[in-house]
1. With each label point set 7 Å from Cα along the Cα-Cβ vector, what nm distance links E45 and Q27?
2. Hey, rough spin-label estimate for E3 and R20, points 7 angstrom out along Cα→Cβ, what's it come to in nanometres?
3. With the full set of protein chains in place, find how many percent of the accessible area of segment 5-55 is carbon and sulfur; take the probe as 1.4 Å.
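The values are calculated or read from the model by the stated rules, or taken from the named source; none is laboratory data. Treat the numbers as computed from the prediction; the structure is a model and nothing was measured. Neighbour counts are summed over all protein chains in view; Cβ atoms, including those assigned to glycine, are modelled from backbone coordinates with ideal geometry. Side chains are part of the model used for accessible areas, which takes the heavy atoms of the whole protein and leaves out ligands, DNA and RNA. Shrake-Rupley method; radii C 1.70, N 1.55, O 1.52, S 1.80 Å.
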Amino acid sequence: MIEYITTQEAADKWGITARRVQLLCSQGRIEGAVKKASVWLIPQEVEKPVDGRAGRKASRKKEDISKNKGFNAE
């Protein structure tokens, strides 16, 4: 029988917020997650999905740095 954990338990395990876990569940990105009433249940052994947002943040930093070239705060 599959053992399940709550969104808060998954959040603690993965180092993210419970709200982020809920969003991942609703987007279908957590394999085997099921919703019972208003509670998401996540298989205990499932791995954290890859965060696809990381690339955008890095490119934004590069843009900010290039915009500020030549700026000399005195």
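1. Label at E45, label at Q27, 2.6 nm between them.
2. Roughly 2.5 nm, to one decimal.
3. Working: 1680 of 3300 Å².
Whole-percent figure for carbon plus sulfur exposure: 51.
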